Protein chains: 2
Amino acid sequence: MVRASTREDILSAAAGLFATGGYKGTSLQDIAAAVGCSKATLLYHFATKEMILATLVAPPVRDLATLSESLTGQPAAVAQGQAIEGFVDLVLNYRREIALIFHDLPHLFQSESFSDIKELIDQLASALAGGSAEPSAMLGVNVIMAGIALVAVDPEHEGVDLRAALVDVARRALIP
Amino acid sequence: MVRASTREDILSAAAGLFATGGYKGTSLQDIAAAVGCSKATLLYHFATKEMILATLVAPPVRDLATLSESLTGQPAAVAQGQAIEGFVDLVLNYRREIALIFHDLPHLFQSESFSDIKELIDQLASALAGGSAEPSAMLGVNVIMAGIALVAVDPEHEGVDLRAALVDVARRALIP
DNA sequence: GTCTATAGGATGATAGAC
DNA sequence: GTCTATCATCCTATAGAC
């Protein structure tokens, strides 16, 4: 196992700490201690603390945009099934980053740099609702999205086939 | 509407701020500004910031303990139905406090004062799983619990019959 | 690229006047 | 009970040596 670059070490440590402790709950000192370097080294690789956050969040947001795009124009029932599997795969690919997004939604939304995230999430939510715009359907969608995002980082569920179990609970909850 | 006491004002403001911004993400200054008093006044009514948190969390934890107790000894299927409705009612009665608990679970658990919360949640989770101890069932339970806890404070769902919609999504997801 | 040292501000908490 | 003023500590970020 070749050692990753310092920059990658920083991103990995920050992802873990942000996911559990939140953005504001994690200090540069916490990250530096986890990496084994000084705070100044963090700020050599990233201009500000918020840039670390932005760098972490960018790839899952890009993939989320791709997923939303691939759903447009499909029949509602087809889009719903693909949205469920696509969302679960997205969460599994970026567990810590997505836990972070759902953990710090209020902070993210009030910052200009992340204003597009809410729109993308709403698009996906609409597909997950199977075309229905009923308030109770949207509420179920939000329950499932938030629940899956938080559970995927819970170390308690290490041994399970996460993908199958998450897709299963989402289908039961969302498909009548 | 008679004005509540300062102490109640503090608890109400703190509940809202903690629920959205998290415990560490909310400063005494934030709370004081929301109440319209000074930081010193907060610390006259509560010895420490953490005591504000403990005071907020105590009533829902007490009700959760009562709920868990009332489920023991019942047949699994009965306990499951009562657990679903009981949990939804608990969340609706203490929306902000429970959002706060799920938002700051890591911080709460590492503090001694709140170590009993995890045990209570695990008891309720077991009832919600309908007696099954299968990992995939427990995972579904955790998805639903976290999802419901977070959605209940989302102002987006103001007009809906929350109780009916939340019980409905929980039943579909948890009862085969 | 990484470090130590430090600036400048926010934080939780205390002291003491009113 | 509530305030202003203050303390010690932590925070993000910068400066400059190596």
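General remarks:
- Kirkwood-type radius of the range B:85-163, with distances r between different C-alpha atoms, in Å: 13.4
- Using alpha carbons only: equivalent-ellipsoid semi-axes of the range A:6-47, gyration tensor based, whole Å: 15, 10, 9
- Legend: mean number of C-beta atoms from other chains within 10 angstrom of residue C-beta atoms, peptide B:146-155, equals 6.
- Choice from B:Gly81, B:Gly36, B:Gly147 showing the highest fluctuation, given a GNM over chain B with Cα pairs closer than 10 Å: B:Gly36
- For A:Arg171, inter-copy label distances in nm, listed shortest first [label point 7 Å out on the Cα-Cβ vector]: 2.2
- Paramagnetic label zone (point 7 Å from Cα along Cα-to-C-beta, A:Ala133; backbone N under 20 Å) in the range B:124-157: B:155-157
- Ordered from longest to shortest, the equivalent ellipsoid semi-axes for the range A:33-95 are 36, 12, 5 Å, each the square root of 5 times a Cα gyration tensor eigenvalue.
- Label distances, nm, B:Glu69 versus same residue in remaining copies, Cβ-directed 7 Å point: 5.8
- Normalised convex hull volume, chain B, alpha-carbon set, Å³ per residue: 130
- Counts of other chain beta carbons within 10 angstrom of each beta carbon in peptide A:102-112 average 2.
- Our estimate of slack between B:Glu119 and B:Ser5, defined as 0.36 nm per intervening residue step minus the Cα-Cα distance, is 37.7 nm.
- For the protein assembly as shown, a Kirkwood hydrodynamic radius built from all Cα pairs, placed in the Stokes-Einstein relation at 37 °C and 0.692 mPa s, yields a translational diffusion coefficient of 154 µm²/s.
- Pairs from A:Lys49/B:Lys118; A:Lys39/A:Lys118; A:Lys39/B:Lys24; A:Lys24/B:Lys49 whose Cα-Cα separation, in the structure shown, is over 25 Å: A:Lys49/B:Lys118; A:Lys39/A:Lys118
- The string of couplings for the range B:24-31 from the Karplus curve (6.51, -1.76, 1.60, θ = phi - 60°) is 5, x, 10, 9, 4, 5, 4, 5 Hz, one whole number per residue in order, with x for Gly and Pro.
- Considering the rotation that superimposes chain B on chain A, the residue of B whose beta-carbon lies nearest the axis, and that distance in Å, is B:Gly147, 1.
- Across peptide B:25-32, the mean count of Cβ atoms from other chains lying within 10 Å of each residue's own Cβ comes to 1.
Values quoted throughout were computed directly from the atomic coordinates according to the rules given, and no laboratory measurement underlies them. Everything quoted here is computed from the prediction, not taken from an experiment. Don't worry about glycine lacking a Cβ; one is built from the backbone with ideal geometry, like all the others, and counts go over all protein chains shown.
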